[in-house]
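Single-structure report; data block below.
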Amino acid sequence: MNDPIDKTVRRFKRIRIALMHSPQFMECGPVMMLGTNRIDDSIPTACTDGRNEIYGRAFIESLDDLELGFVIMHETMHKLCRHMTTYQSLWKKDAQRTNMATDYWINQKLLDADPQKKLVTMPMKDGKQVGLFDPKYKGMSVKQIWDLLEPPEGGGGGGGLDDHDWEGADGMTKEEVEKLAQDIDQAIRQGQMAAKQAGHGKGNQSLGLDELLESKVDWREQLQEFVRATCTTKDISTWRKPNRRFLHMDIIMPTMQGQSIKELVFAVDASGSMLGKPMQVVMSEVQGLAEQLNINKVHLIYWDGEVEVHEEYDAQSFKDWKSNTKPTGGGGTTPACIPAYLRKGAIAPDAVVVLTDGEVCGWGEWDCPVLWAIYNPRNKITAPVGKTIHIED
């Protein structure tokens, strides 16, 4: 007689392989192959940290084939969309709303991708739908859904479909997060190529994989996440939730929470092209970060052809920078002057955020992580070094 665990594993693999070979989800196949997946008695439903997946055996045994297909694709979409790393800042603000927003977004995508329910359908329990779905959120981004949500009082609202291993993702190093993003992008492109070779053209447009490659995530979230991921020290442990990385070994360990940012540089382009509205837009975002992040030391630099003004703040005084700052500039635009200035002054920040229109003379050589926050309605410019986000009105 077959062992029941082996039977469950074989069924799980059979459905997973069928999904990877289907016209509806073939593009997702390489992403499904990333990381590990295992069936575990200790997991009540299913979860992913953005690379690896865990499925509760009792849970998946309670599902029929179409429902199990839905759960597998649900976890795959969390990975494919990099939810667990992209929305860390939202999770830290409100975990429940973030769980709900990502689930509403995914479930709509899956139902649109297989409207005839040939491969997936939302699970049911006691005649009630398990999982979150509301057509009013169709076409919205995760952040737009998050902004509209009002979770019910007293907790709950997660939909019961799966868990979300935010702590596992939060425990990744900066290098691990970057490697995961690269692996997912490459896997998406491989999946699109496979679908095209199989005669499916551009694949299933309902999944919106082209948009994922173009990174439609709200630029404000990207700005905040870069600062948090690059600079925040994980110096405080918490037992609020055990670290999932050790649960499968029956080891209970705390997770680490970032509490502060040691040293950060905001380098604001003060050349003539940034005067007026562009300056107002980018400076409003500096204000937003000042209110949300606990930064031990901030260097606020105004530059054009050279560094014109250098102001220093601590965590408290930076919140009132607007009434104290004295921007100066109006000349050329040479960002190479920033790293040169930092080296000369022996300033070694955790990262530099450069706010500019991107119309510059050279990009400079940097000794630390650099984020280019570019505001330019006319041209979509991407820096050849560091990370670029495009600021929109």
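For a quick check of your reading of the filter: which trypsin sites (Lys or Arg not before Pro) in the range 282-381 sit in a DSSP loop and have no more than 15 other Cβ atoms within 10 Å? Please report the intermediate quantities before stating the final value.
Working: sites: Lys297, Lys319, Lys322, Arg343, Lys344, Arg378, Lys380; in loops: Arg378, Lys380.
Sites meeting the loop and neighbour criteria: Arg378, Lys380.
Straight-line reach from Lys380: which lysines fall under 30 Å, measuring Cα to Cα and dropping same-chain residues less than 8 apart?
Result set, ordered by chain and number: Lys79, Lys109, Lys138, Lys143, Lys174, Lys179, Lys196, Lys202, Lys216, Lys277, Lys322, Lys326.
Using a Förster distance of 45 Å, how high is the FRET efficiency between Arg14 and Asn376, based on the Cβ-Cβ distance and rounded to 0.05?
Details: r = 51 Å, r/R0 = 1.13.
Taking R0 as 45 Å, the efficiency between Arg14 and Asn376 is 0.35.
Percentage of Cα-Cα pair distances in the range 288-393 greater than 19 Å, rounded to whole percent?
Working: 2639 of 5565 pairs.
Above the 19 Å cut-off, the range 288-393 has 47 percent of its Cα pairs.
Filter the trypsin sites (Lys or Arg not before Pro) in the range 30-132 to those in DSSP coil with at most 14 other Cβ atoms within 10 Å of their Cβ, and list the result. Don't jump to the answer; show the numbers that get you there.
Working: sites: Arg38, Arg51, Arg57, Lys79, Arg82, Lys92, Lys93, Arg97, Lys109, Lys117, Lys118, Lys125, Lys128; in loops: Arg51, Arg82, Lys117, Lys118.
When the trypsin sites (Lys or Arg not before Pro) of the range 30-132 are filtered for loop state and at most 14 Cβ neighbours within 10 Å, Lys117, Lys118 remain.
Tell me the net charge near Lys118. Cut-off is 15 Å between Cβ atoms, Lys118 excluded, with +1 for each Lys or Arg and -1 for each Asp or Glu. Walk me through the intermediate numbers first.
Values: positive: Lys117; negative: Asp64, Asp65, Glu67, Asp112, Asp114.
That works out to -4.
If amide hydrogens are placed 1.01 Å from N in the peptide plane, which non-local residues have theirs closer than 5 Å to the one on Ala351?
Correct list: Val265.
Can you bin every Cα-Cα distance in the range 1-102 into 5 Å intervals starting at zero and give me the percent of pairs per bin, rounded to whole numbers?
With a bin width of 5 Å, the distribution comes to 2, 12, 22, 23, 19, 12, 6, 2, 1, 0, 0.
Rounded to whole Hz and in sequence order, give me ³J(HN,Hα) for the range 311-316 from the Karplus expression 6.51 cos²θ - 1.76 cosθ + 1.60, θ = phi - 60°, writing x for Gly and Pro.
Going residue by residue, I get 10, 10, 9, 9, 4, 7 Hz, with x marking Gly and Pro.
Which Cα, out of Ile184, Met20, Leu148, lies furthest along the positive dipole direction of the range 4-216 (beta carbon charges, K/R +1, D/E -1)?
Towards the positive end, the residue furthest out is Met20.
What is the range 1-132's relative contact order, in percent, from Cα pairs under 8 angstrom and six or more apart in sequence?
Result for the range 1-132 is 21 percent.
Find, to one decimal place in angstroms, the Kirkwood hydrodynamic radius of the range 46-176, where the mean of 1/r is taken over every pair of different Cα atoms and then inverted. All intermediate terms of the calculation are to be shown ahead of the outcome.
Details: mean 1/r = 0.0663 Å⁻¹.
Final number for the Kirkwood radius of the range 46-176 is 15.1 Å.
Mind jotting down a quarter of the surface of the convex hull over the alpha carbons of the range 51-108, in square nanometres, one decimal? Each step should come with its number before you reach the end.
Details: hull surface 17.4 nm².
For the Cα atoms of the range 51-108, the hull's average projected area reads 4.3 nm².
Read-outs throughout are calculated quantities, based only on the coordinates presented, and are distinct from any laboratory measurement. A quick note: this is a predicted structure, and the numbers were derived from the prediction, not measured. Every residue, glycine among them, receives a Cβ derived from its backbone with ideal geometry; neighbour counts consider all protein chains shown.
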